[in-house]
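Every number in this text was worked out from the coordinates using simple rules, so none of it is lab data. The shown structure was predicted, so the numbers you read here are calculated from the model rather than taken from an experiment. Here the Cβ positions follow ideal geometry from the backbone for every residue, glycine too, while neighbour counts run over all protein chains shown.
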């Protein structure tokens, strides 16, 4: 059998109160759930745009347990589901990589679900790097100091230990961990995830046609159709619900 790459989107099934909590104040309640679902759909689109000839299988690495039917309404039937192993993010990543590789995949790439404009080219580059001769870890640096993907052919526990998750030190510390075990690291071009108001503003500018300042020359973001559609619908809905500044009554003037 030819090797098949596992591309796993690490995500939480969108639910009120747990979706996009770091964007609270910008998007609340149903809108936070809708945006989260749109992000997942667009990252799925980036995975499905990887040529079939490259031999790949999409996964949703999800939480919480019991949300499978909700998630199936978001991801296509071609995707497999893999339940997250723990609350600790390092354990989630290591366990997911180990589980995917144990299923016979020649490599595992774990992808952030908060990057709706992720260029498919970066996924292709990651697969090609991991299939090159020699063992390595592939990292996609995020603009905030983390990473939007990690790719492995072996789930080395040391890569996930002692990493201060959700900080600007994630990438640097992961590279240090790789160096400590003698594992070469391949860095992809920088991209970003949307997990705070500043990143959301970057997304809005990108969707309006402005290339992110950190993008490598020639690197173009993905189309993000689900996110575009959700945000456009939200703008229209909010505009329709806003009180009109015009009362609807014309002033009466004295013609005499």
Give me the number: length gained by fully extending residue 187 to residue 69, i.e. 0.36 nm times residue separation minus the C-alpha to C-alpha distance, one decimal in nm. 38.9 nm
Within segment 106-122, list the residues whose amide N lies under 17 Å from a label point set 7 Å along Cα→Cβ of residue 135. 106-109
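For residue 88 and residue 28, calculate 0.36 nm times their separation in residues minus their Cα-Cα distance, and state this gained length in nm to one decimal.
The span from residue 88 to residue 28 would gain 19.1 nm if fully extended.
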So the compactness index of segment 132-255, its C-alpha Rg divided by 2.2 N^0.38 Å, takes the value 1.69
Jot down the per residue volume, in cubic angstrom and as a whole number, of the convex hull over the alpha-carbon atoms of the chain. 162 Å³
Between the modelled labels at residue 220 and residue 102 (7 Å from Cα along Cα→Cβ) the distance in nm is 4.2 nm
If I fit a long axis through the Cα atoms of helix 89-102 and take the longest principal axis of the Cα atoms of the chain, what angle between them do I get, 0 to 90°, rounded to 10? 60 degrees
Using alpha carbons only, how many degrees (0 to 90, rounded to 10) separate the axis of helix 225-241 from the longest principal axis of the chain? 20 degrees
Per-residue ellipticity at 222 nm attributable to helices in the chain (runs of n ≥ 4 DSSP H, -39500 (n - 2.57) apiece, nearest 500 deg cm²/dmol) works out to -11000 deg cm²/dmol
Dmax and Rg, reported as Rg then Dmax, of segment 56-97 (C-alpha, Å): 10.6, 28
Quick one: among 38, 63, 108, which has the greatest mean-square fluctuation in a GNM of the chain with alpha-carbon springs under 10 angstrom? 63
Can you give me the angle between helix 170-180 and the longest principal axis of the chain, using Cα atoms only, in degrees from 0 to 90, rounded to the nearest 10? 0 degrees
